[in-house]
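Data first, discussion second: the structure below is written as structure tokens.
The values are calculated or read from the model by the stated rules, or taken from the named source; none is laboratory data. The shown structure was predicted, so the numbers you read here are calculated from the model rather than taken from an experiment. When we count neighbours, we look across all protein chains shown, and the Cβ atoms used for this are built from the backbone with ideal geometry, even at glycine.
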Amino acid sequence: LHDESAVTSVPETTRLQDLSALVKMGIVNSNTLTVFTGFWLALHFNGLSVMDNLDKLFFTIVGSGLIMAGVCCLNNYIDRDIDPLMERTKTRPTV
């Protein structure tokens, strides 16, 4: 049968906390800063203004963030079988 003592206690979380862990907001935020920097440098070296290209900046940041979040979710899904084995990842929402 099932051994109750082998089950590890996982703290209660909200859906928002689970979603944040699933999409790895730290990774998304840090990479979004890099996307902004690249966008700004591209405009700067082409003699263009950020203020004249706010629509492109918005869609670039949002699109890149959504792609990064989706890839992080996919990574969590692929790693769901090995995550319970590692101390660092055993509290992820997919475990």
For residue 95: the one exception among (1) surrounded by fewer than 11 Cβ atoms within 10 Å (Cβ to Cβ); (2) assigned to a loop (DSSP other than H, G, I, E, B); (3) hydrophobic (A, V, I, L, M, F, W, C): (1)
Number of the exception - residue 69 against (1) assigned to a helix (DSSP H, G or I); (2) touching a helix residue (DSSP H, G or I) at 6+ places or on another chain (Cβ under 8 Å); (3) without any contact (Cβ under 8 Å) to a residue 12 or more places away in the chain: (3)
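Just for the stretch 49-66: of the residues that are among the aliphatic types (A, V, I, L, M) and loosely packed, with under 13 Cβ neighbours inside 10 Å, which one is nearest to residue 28 (Cα to Cα)?
66
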Hey, residue 49 in a loop (DSSP other than H, G, I, E, B), more than 15 Å from residue 94 (Cβ to Cβ) and modelled with pLDDT under 95 or not: no
Test for residue 79: is it acidic (Asp, Glu), in a helix (DSSP H, G or I) and loosely packed, with under 13 Cβ neighbours inside 10 Å: no
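Whether any residue in the stretch 25-42 is touching a Gly at 6+ places or on another chain (Cβ under 6 Å) and modelled with pLDDT of 85 or more is what I want to check.
Scanning the stretch 25-42, I find at least one residue that is touching a Gly at 6+ places or on another chain (Cβ under 6 Å) and modelled with pLDDT of 85 or more, so the answer is yes.
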The stretch 26-47: number of residues that are in contact with a helix residue (DSSP H, G or I) (Cβ under 8 Å, 6 or more places away or on another chain) and of a type outside the set (Val, Ile, Thr): 4
Test set (1) closer than 23 Å to residue 76 by Cα; (2) surrounded by 12 or more Cβ atoms within 10 Å (Cβ to Cβ); (3) modelled with pLDDT of 90 or more - residue 18 fails condition number: (3)
